[in-house]
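Below: one structure, written as structure tokens.
The values are calculated or read from the model by the stated rules, or taken from the named source; none is laboratory data. Keep in mind the model is a prediction, meaning the values are calculated, not measured. Positions of Cβ are backbone-derived with ideal geometry, glycine not excepted, and every protein chain shown enters the neighbour counts. Just the protein is used for accessible areas: all its heavy atoms, side chains included, with ligands, DNA and RNA removed. Shrake-Rupley method; radii C 1.70, N 1.55, O 1.52, S 1.80 Å.
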Amino acid sequence: MSARILVVEDEEALTTLLRYNLDAEGYDVETVGRGDDADTRLKERVPDLIVLDWMLPGLSGIELCRRLRARPETKQLPIIMLTARGEESERVRGLATGADDYIVKPFSVPELLARVRGLLRRASPERLATVLTYGDIELDREKRRVARSGRPVDLGPTEYRLLEFFLEHPGRVFSREQLLDSVWGRDIYIDERTVDVHIGRLRKLLNPGREQDPIRTVRGAGYALDDRFAKVE
């Protein structure tokens, strides 16, 4: 599954340039032009990385960065700060606020892409892994095969994507809406109860006997890979 990147930039030409090049790299890109709108969006859905402009209408990038670092769900979110401020004191300020990297405008697009890849590699190595494992479940991306305790598990395309997404974020709880956005895509309208149907199918395929169910239902919140399942030997 593609890494999700949120670009928060109010310059339309630069936003178009960033979206074009990040799309070409295979990332799932979303753009927002205001800091306050980005703050609201990030409370609904956390991307894998954010490219954040320093000067924004509604809420400055530096203040948004502070807020993100204060929230448990975005404390570790990789942030690349874009700014026209090239002075050393300003770079120090941006990094001290919580940005992971700092790029001065105008910048080289290949350099930005390299920094994006580097940050994603450090923050989410599971996105680059060929084989994902959790407890006794193994998912091989190259062969598109799933096994449990060495037993092949034949999954449909949707159940495969669901399991892959859970394996990329073990232990984290996702609402039905978040799963729809991340697995099915934001441009497709599907009833949220469809998620329950596919979760049920995934459970049946993974647990044909009395094996421990790796998927935890969190009442009123959604679904997650059970932390206890990771301890299965």
When the range 181-225 is checked residue by residue, the ones that are open to solvent by less than 80 Å² (accessible area, probe 1.4 Å) and of a type in the set (Phe, Trp, Tyr) are 184, 223
Pairing a residue in the range 213-230 that is over 14 Å from residue 172 (Cβ atoms) with any residue that is basic (Lys, Arg) and open to solvent by 10 Å² or more (accessible area, probe 1.4 Å), where Cβ atoms lie under 8 Å and the two sit 6 or more apart in sequence or on different chains, gives 213/203
Among the residues of the range 35-53, the number that are buried (at least 22 other Cβ atoms within 10 Å of the Cβ), free of Cβ contacts under 8 Å to residues at least 60 places away in the same chain and outside any helix (DSSP H, G or I) is 3
Across the range 215-232, the tally of residues that are at pLDDT below 85 and under 16 Å from residue 162 (Cβ atoms) stands at 2
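Are any residues in the range 1-24 assigned to a loop (DSSP other than H, G, I, E, B) and of a type outside the set (A, V, I, L, M), and if so, which ones?
So in the range 1-24, the residues assigned to a loop (DSSP other than H, G, I, E, B) come out as 1-3, 9-11.
Hits for the range 1-24 are 2, 9, 10, 11.
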Within the range 159-170, of all residues that are touching a strand residue (DSSP E or B) at 6+ places or on another chain (Cβ under 6 Å) and closer than 16 Å to residue 123 by Cα, the one surrounded by the most Cβ atoms within 10 Å (Cβ to Cβ) is 167
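Just one of 24, 38, 13, 3 is among the aliphatic types (A, V, I, L, M) and touching a Lys or Arg at 6+ places or on another chain (Cβ under 6 Å); which is it?
Working: 24 fails: touching a Lys or Arg at 6+ places or on another chain (Cβ under 6 Å); 38 fails: touching a Lys or Arg at 6+ places or on another chain (Cβ under 6 Å); 13 fails: touching a Lys or Arg at 6+ places or on another chain (Cβ under 6 Å).
Just one listed residue meets the conditions, 3.
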* Kindly check whether there is at least one residue in the range 212-220 that is under 21 Å from the mean Cα position of the chain (by Cα) and hydrophobic (A, V, I, L, M, F, W, C). => yes
So the strands (runs of 3 or more DSSP E) completely within the range 110-163 holding 2 or more residues that are modelled with pLDDT of 90 or more are 137-140, 145-148, 151-153
